[in-house]
Amino acid sequence: MIYIHIPFCKQACHYCNFHFSTSMKYKDEVLNAILHEIELQKNYLSSQTIKSIYFGGGTPSLLTADEIKRIFSKLAQFYTIEKDVEITLEANPDDLTPSKIKDFASTPINRFSIGIQSFHDVDLKYMNRAHNAEEAQKCVKYAQDNGFSNITVDLIYGTPTMNNDRWHENIQTTFDLGVPHVSCYALTVEPNTALDHFVKKKKMPPVDEEQSAQQFEILIAEMEKNGFDHYEISNFAQPDHYAKHNSNYWKGVSYLGLGPSAHSFNGQSRQWNIAHNMKYIKAINSDQIPFEIEHLSTDDLYNEYVMTGLRTIWGMDLARIEAFGARYKKSFLKTIQPFLDNGIALQNETHYMLSKQGKLMADGVASALFI
């Protein structure tokens, strides 16, 4: 898997804590550095075949079709890419005009991840999104009209502006649009974001945790009624539209991250590039990759498997737990039992997963199971 971080946005969403810049001044320099980093990192995945490529950010839909083609051509020089590779572009609705989508159709992109967040203007204004409700619906139809059927949309629930009726309407609109995959996230107030500042200054109300929980339960029920699999805590898909890229993250597959702030994982260590565009450019131009690294202990790897495995429809496999060592199996079987007894967790032969009730407290269950 390969992830490419495009660190540019038109404007800053109030809740966002990802690395980005609203200035395009050094866009060409960053893109040239990413192209060079591809070459510098050519051995990171040890000649693995690439099954998915993901353009994230930031706002990758700010790229031109020619810029995407340049990046893909450079990747193809140094990596073996599967013929049916999933290539996802994160996009904002205001970027997906009919002409821009036609341009993207000439690239290898075969999947859009569209940051809708809400189909209502009052919510979009609260979040300081760059698009409006009309653009949110039209962009999906434009993409479908130009042959893009593999589409996922992001929605956010739990905002103070969104009551349960409006949340029902957002969910129903995704069904009406024929979108086969939906990622939904509860609004969280991340430290040092604009939203964090506004809440502390009492310019905006805090997140209502009870409302978020109610809307998560509404989401689960509506998705199930409409034939979507709840295959990861925040992700729902029609049976043949699971995201390859994100599914492999949760299964612990190695991945390479390119660009400022991008993370990489090779099965034994995790590293992340510096979250500073100019320092990233300067280092890459000197043939240096500006990263920090964390070497993962067996405890770390086990805990990560607990955290990701429990979030998915596949759950945790006892055979994989045993591979960590006898004490991990002993600890797991002891600590999972109370959750099995009270229906928070379920057992399917040698696999363990969360029940519907358990999905409401996934982080707490994972924490209890950690070594």
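The values are calculated or read from the model by the stated rules, or taken from the named source; none is laboratory data. From a predicted model like this one, the values you see are computed outputs, not experimental measurements. Every residue, glycine as well, gets a Cβ built from its backbone with ideal geometry; the counts of neighbours run over all protein chains shown. Ligands, DNA and RNA are stripped out before the accessible areas are found, and what is left, the full protein with its side chains, is counted by its heavy atoms. Shrake-Rupley method; radii C 1.70, N 1.55, O 1.52, S 1.80 Å.
Got a number for residues in the stretch 263-312 being among the small types (Gly, Ala, Ser), in a helix (DSSP H, G or I) and within 20 Å of the chain's Cα centre (by Cα)?
Pass one, the stretch 263-312, residues among the small types (Gly, Ala, Ser): 264, 267, 269, 275, 283, 286, 297, 309.
From what is left, the residues that are in a helix (DSSP H, G or I) are 283, 309.
Cutting the leftovers down to within 20 Å of the chain's Cα centre (by Cα) gives us 309.
Number of matching residues: 1.
Of a type outside the set (Gly, Ala, Ser), buried (at least 16 other Cβ atoms within 10 Å of the Cβ), under 22 Å from residue 87 (Cα atoms) and without any contact (Cβ under 8 Å) to a residue 60 or more places away in the chain: does that describe residue 339? Give the derivation first.
On the way: of a type outside the set (Gly, Ala, Ser): yes; buried (at least 16 other Cβ atoms within 10 Å of the Cβ): yes; under 22 Å from residue 87 (Cα atoms): no; without any contact (Cβ under 8 Å) to a residue 60 or more places away in the chain: yes.
So residue 339 fails the test.
Name the strands (runs of 3 or more DSSP E) wholly within the stretch 1-98 that hold at least 2 residues that are over 17 Å from the mean Cα position of the chain (by Cα) and in contact (Cβ under 8 Å) with a residue 12 or more places away in the chain? Walk me through it before giving the result.
Working: elements: 2-6, 50-57, 81-91.
The qualifying strands (runs of 3 or more DSSP E) are 81-91.
So, of the residues in the stretch 34-52 that are touching an Asp or Glu at 6+ places or on another chain (Cβ under 6 Å) and surrounded by 12 or more Cβ atoms within 10 Å (Cβ to Cβ), which turns out to be farthest from residue 279 (Cα to Cα)? Quick ask: steps written out before the conclusion?
Here is the first cut: in the stretch 34-52, the ones touching an Asp or Glu at 6+ places or on another chain (Cβ under 6 Å) are 49, 51-52.
Pick out the ones that are also surrounded by 12 or more Cβ atoms within 10 Å (Cβ to Cβ) and you get 51-52.
Numbers: 51: 30, 52: 28 Å.
Applying the filter and picking the extreme gives 51.
Residues checked against (1) over 23 Å from residue 60 (Cβ atoms); (2) in contact with a Lys or Arg (Cβ under 9 Å, 6 or more places away or on another chain); (3) among the charged types (D, E, K, R):
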site	(1), (2), (3)
176	yes, no, yes
190	no, no, yes
215	yes, no, no
241	no, no, no
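Can you tell me which residue among 300, 317, 287 is open to solvent by 40 Å² or more (accessible area, probe 1.4 Å) and either touching a Leu at 6+ places or on another chain (Cβ under 9 Å) or closer than 25 Å to residue 219 by Cα (or both)? Before you say what the answer is, go through the steps one by one.
Working: 300 fails: either touching a Leu at 6+ places or on another chain (Cβ under 9 Å) or closer than 25 Å to residue 219 by Cα (or both); 317 fails: either touching a Leu at 6+ places or on another chain (Cβ under 9 Å) or closer than 25 Å to residue 219 by Cα (or both).
Step by step, each of 300, 317, 287 is checked, and only 287 is open to solvent by 40 Å² or more (accessible area, probe 1.4 Å) and either touching a Leu at 6+ places or on another chain (Cβ under 9 Å) or closer than 25 Å to residue 219 by Cα (or both).
Pairs, please: C-beta under 6 Å, at least 6 apart or cross-chain, first residue over 19 Å from residue 370 (Cα atoms) and in the stretch 283-300, second surrounded by fewer than 17 Cβ atoms within 10 Å (Cβ to Cβ) and of a type in the set (Gly, Ala, Ser)?
These pairs meet every condition: 293/269.
Counting only residues that are assigned to a helix (DSSP H, G or I) and in contact with a Cys (Cβ under 9 Å, 6 or more places away or on another chain), which one in the stretch 187-208 is surrounded by the most Cβ atoms within 10 Å (Cβ to Cβ)?
In the first step, residues of the stretch 187-208 are kept if they are assigned to a helix (DSSP H, G or I); the result is 194-200.
With in contact with a Cys (Cβ under 9 Å, 6 or more places away or on another chain) added as a condition, the list becomes 194-195.
On the way: 194: 17, 195: 24.
Taking the candidates together, the pick is 195.
Within the stretch 222-243, identify whether any single residue is more than 20 Å from residue 308 (Cα to Cα) and touching a Leu at 6+ places or on another chain (Cβ under 7 Å), and answer yes or no.
No - not one qualifying residue is present in the stretch 222-243.
Within the stretch 172-186, which residues are open to solvent by 10 Å² or more (accessible area, probe 1.4 Å) and closer than 19 Å to residue 216 by Cβ? So that I can check it myself, show each step before the final result.
Restricting attention to the stretch 172-186, the residues satisfying the condition of being open to solvent by 10 Å² or more (accessible area, probe 1.4 Å) are 172-173, 175-178, 185-186.
172, 173, 175, 185, 186 - these are the residues of the stretch 172-186 that are open to solvent by 10 Å² or more (accessible area, probe 1.4 Å) and closer than 19 Å to residue 216 by Cβ.
Across the stretch 215-233, what is the total count of residues that are surrounded by 16 or more Cβ atoms within 10 Å (Cβ to Cβ), of a type outside the set (A, V, I, L, M) and in a helix (DSSP H, G or I)?
3
Counting just the residues of the stretch 99-131 that are more than 21 Å from residue 58 (Cβ to Cβ) and either of a type in the set (A, V, I, L, M, F, W, C) or in a loop (DSSP other than H, G, I, E, B) (or both), which one comes out least open to solvent (accessible area, probe 1.4 Å)? Walk me through it before giving the result.
From the stretch 99-131, those more than 21 Å from residue 58 (Cβ to Cβ) are 99, 102, 105-106, 119-123, 125-126; that's our starting set.
Now drop any that are not either of a type in the set (A, V, I, L, M, F, W, C) or in a loop (DSSP other than H, G, I, E, B) (or both), which leaves 105-106, 119-120, 122.
Details: 105: 53, 106: 68, 119: 15, 120: 42, 122: 70 Å².
Ranking the qualifying residues of the stretch 99-131, first place goes to 119.
Please verify whether the stretch 253-270 includes one or more residues that are surrounded by 22 or more Cβ atoms within 10 Å (Cβ to Cβ) and at positive phi.
Checked against the condition, which is being surrounded by 22 or more Cβ atoms within 10 Å (Cβ to Cβ) and at positive phi, the stretch 253-270 yields at least one hit.
Could you list all residues from the stretch 103-123 that are closer than 18 Å to residue 69 by Cα, among the aromatic types (Phe, Trp, Tyr) and out of contact with any strand residue (DSSP E or B) (no Cβ under 6 Å at 6 or more places or on another chain)?
Correct list: 104 only.
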